[in-house]
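Below: one structure, written as structure tokens.
Read-outs throughout are calculated quantities, based only on the coordinates presented, and are distinct from any laboratory measurement. Bear in mind that the values here come from a model prediction, so they are computed numbers and not experimental data. With ideal geometry, Cβ positions are generated from the backbone for all residues, glycine too; neighbour counts draw on all protein chains shown.
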């Protein structure tokens, strides 16, 4: 993103285009919720059990009415997905993937092996094959926890994850995969046994082998457990970064003391390069335990963690009804939010002159625009035909600093773009988008005048 600020009028004069009048537009942020790549609300369709939370809403619910919802989260125990060795129940995943995907939602996984659900997380046949573990009581329920280093357990888990990877790893709608095969609920809480750093490495490696290109996710609770003499608990987070994984913090609103589960410092090395994920605890539990309040703690966490994803851990219909203003507030800050501060362009031009536009951009979200993208300028005729697409390839919105407020945080793009030969004289509408190097729009902007394809009307130009 170029930072040098030279006046467009001076450049036009030097180019012999002094006769053109300059138009400056300063679009306003509409405040709209944005559904963009690498950010958004994450709905826990499956969670502690196969009955939470999406299934009870029925087959018609697809999340389209929740502003900013981009991902359906499928946390399921391995025992549901491979009830018999080598026989997979993929329909339990494919059904919500297709339903939510039909309205543009992506999906994410957490496969667990130790659950408080009445059904054990690890399939019974793994234990019958000789995998070691122990009986335990969790959430008042009898269950069985595997030895996470047991070779039989690891071999069977390896086969399962590879099967899941063959089916889903190359799906472009896969948003992320939690490394959830450690501890109760997949959060890394072990019942009375401490595991070394090697255990975390083995499970990260299994997931990376199965999902070589996916965004893997490490849980902040990994740092709560001793790893051996002289080994810092944060070594697990360093290990996660070694595998290219990002960071999540679950259950931010479990306790009344805001410091108790708060791991914002751990998120700081992650958010500049990977989207950070936060989750609040079960919404019904936060209200019962009086830890929700007005939800401001959750909104503050977006700021403190520089979060790109935030979770809906409960009934999304009720959550939206009771927190409409809070959700709108969060949507104005979550992830990245690109503002076109202003654009200056001539009201008329000769084709041989090309089109010179100066645009100023700002990212008012809490996180970088990690997907990146280039501004593109569209000339559209009165019949809505696209007559020219002019991509400013020298500018990349990924370089915009987040939390932008003052003039020092504005990125300035100045580029002379050659008009295509054969472009006829006449009046054209000017539209702007942000997308890939060939101009395909990929990022929604909080601007009025969307033509339905994330191309926004900002003015008119006459070609002489």
Quiz item: Just for the stretch 40-331, what percent of DSSP beta bridges are antiparallel, to the closest 5?
Solution: 25 percent
Self-check item: Rounded to 10°, Cα long-axis angle of helix 91-101 versus longest principal axis of the chain
Solution: 20 degrees
Practice problem: Using only alpha carbon pairs under 8 Å that are at least six residues apart, calculate the relative contact order of the stretch 40-331 and give it in whole percent. | Solution: 16 percent
Self-check item: residue 329 paired with residue 171, simple spin-label distance in nm, labels 7 Å along Cα-to-beta-carbon
Solution: 3.5 nm
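Taking Cα pairs under 8 Å and at least six residues apart, what relative contact order does the stretch 68-204 come out at, in percent?
Numbers: 212 pairs, mean separation 35.6, N = 137.
Across the stretch 68-204, relative contact order equals 26 percent.
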Exercise. Please give the helix 296-305 orientation as an angle from the longest Cα principal axis of the chain, in degrees from 0 to 90, rounded to the nearest 10.
Key: 80 degrees
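Can you tell me which of 232-242, 371-381 comes out highest on packing, and rank the rest after it, using the mean Cβ neighbours within 10 Å?
By packing density, highest mean first, the sequence is 371-381, 232-242.
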Practice problem: Give me the distance in nm between label points sitting 7 Å out from Cα along the Cα-to-Cβ direction at residue 285 and residue 381, one decimal. | Solution: 6.2 nm
Exercise. On a 0 to 90° scale, report how tilted helix 197-210 is relative to the longest principal axis of the chain, with both axes built from alpha carbons and the result rounded to the nearest 10.
Key: 60 degrees
